[in-house]
1. Of all helices (runs of 4 or more DSSP H) completely enclosed by region 197-314, which ones contain at least 2 residues that are within 21 Å of Asn102 (Cα to Cα) and at pLDDT 85 or above?
2. Just a yes or no: is a residue in region 206-216 surrounded by 15 or more Cβ atoms within 10 Å (Cβ to Cβ), over 24 Å from Ser107 (Cα atoms) and among the hydroxyl-bearing types (Ser, Thr, Tyr)?
3. Mind checking which residues of region 135-149 are over 13 Å from Arg125 (Cα atoms) and without any contact (Cβ under 8 Å) to a residue 40 or more places away in the chain?
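The values are calculated or read from the model by the stated rules, or taken from the named source; none is laboratory data. Please read all numbers here as calculations on a predicted model, not as lab measurements. All Cβ positions, glycine included, derive from the backbone under ideal geometry; neighbour counts span all protein chains shown.
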Amino acid sequence: MRQRNGIVLMMTLGFIAVITALILWSVSISKSRFDKVIAIDAENQFSIVFQDFTKLITKIDINSTDALTMFLSMDLPPLVEPKTKIGLGFHPASLMDKLNINYILYSLVEHETNTTNAYQDPYLRRPLEKFLAKFELSDPLTMIDFLLDTVDKDDIERAGFSEIATENFDFRQGKIYNFTHFKKIRDVYYQSTRDEKVFEINQKEFEKYFYFGEPKERLLLDCDSLEVDAAMGLIVEDEMFIAEDTDYCAEANNTAMKTLNKIYNISQFANKKKYLVKCILNLDTENDLREISFDYDVSAKRISNIDKNFQEQE
């Protein structure tokens with residue numbers, strides 16, 4: 001085991017060295033493009049670097065668990081290219097140890113008309129209920145109603161003024177796009193209940209447990225990275241029965257986990273299957289510091305959900 005860990009460490013260091021070189025090269029070639037544009041503004045500079053870097057990142061082959069681990073270990077501060085004095089930083093984080101909030105909401109609403117899988121509803125509502133319980137909301141069930149009515153297709157309100165999709169065009173697609181979008185639901189709940197505790201649900205806390213995926217998309221929960229105090233703690237009935245050192249990959253096929261596994265697809269990374277990583281890119285120039293986030297499917301080498309303005313932080 002020690003020998004394998006040593007090999008993985010050496011591979012990781014080598015992997016980071018390659019990425020570092022790519023980052024510096026990306027900045028260098030981007031700078032040569034800057035010089036061709038007179039008085040280019042910071043936003044366009046960032047756009048050029050982003051385009052160049054994303055071309056480079058798609059050249060990295062992530063086809064094994066070890067390669068994925070190495071990729072996720074690259075938490076790099078802005079690296080300054082000596083000639084241009086421009087720094088580029090990169091931070092990846094797996095989204096597959098979190099729950100797709102849009103899939104949960106879509107499934108619950110879908111089961112109201114197609115009851116075949118309605119037996120899953122208590123397991124789908126559980127993470128919402130357990131998450132909201134952390135903030136001791138005065139009316140958590142109403143908050144869940146507001147969330148469900150963002151994807152509801154009829155004109156019937158679950159609670160007073162809860163039919164957000166008919167009032168706010170932003171929700172007509174039945175999808176919450178980011179935390180800034182989620183805050184609109186939070187604000188409507190406050191207007192209805194005057195419960196100030198809802199504002200304690202901040203971005204950092206929310207995104208510890210959930211991500212904003214496609215409504216109809218059941219991906220996976222990466223059993224190699226699950227933790228009791230994160231998504232795993234929300235989907236089980238009582239996290240006290242799960243030890244810190246539990247092997248979730250082995251437990252996924254046990255009878256007690258059978259239904260949860262069917263709903264949330266608790267499994268390991270597999271090559272050619274969709275696996276999302278949230279990436280944050282930082283550009284540090286002499287006059288400006290900018291960030292951009294995007295989702296990266298490491299198997300398909302596809303970039304999506306680009307947040308050009310970067311989400312407002314709380």
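1. Values: elements: 203-206, 231-235, 248-251, 258-264.
Counting at least 2 such residues, we get 203-206, 231-235, 258-264.
2. No: region 206-216 contains no residue that is surrounded by 15 or more Cβ atoms within 10 Å (Cβ to Cβ), over 24 Å from Ser107 (Cα atoms) and among the hydroxyl-bearing types (Ser, Thr, Tyr).
3. Asp149
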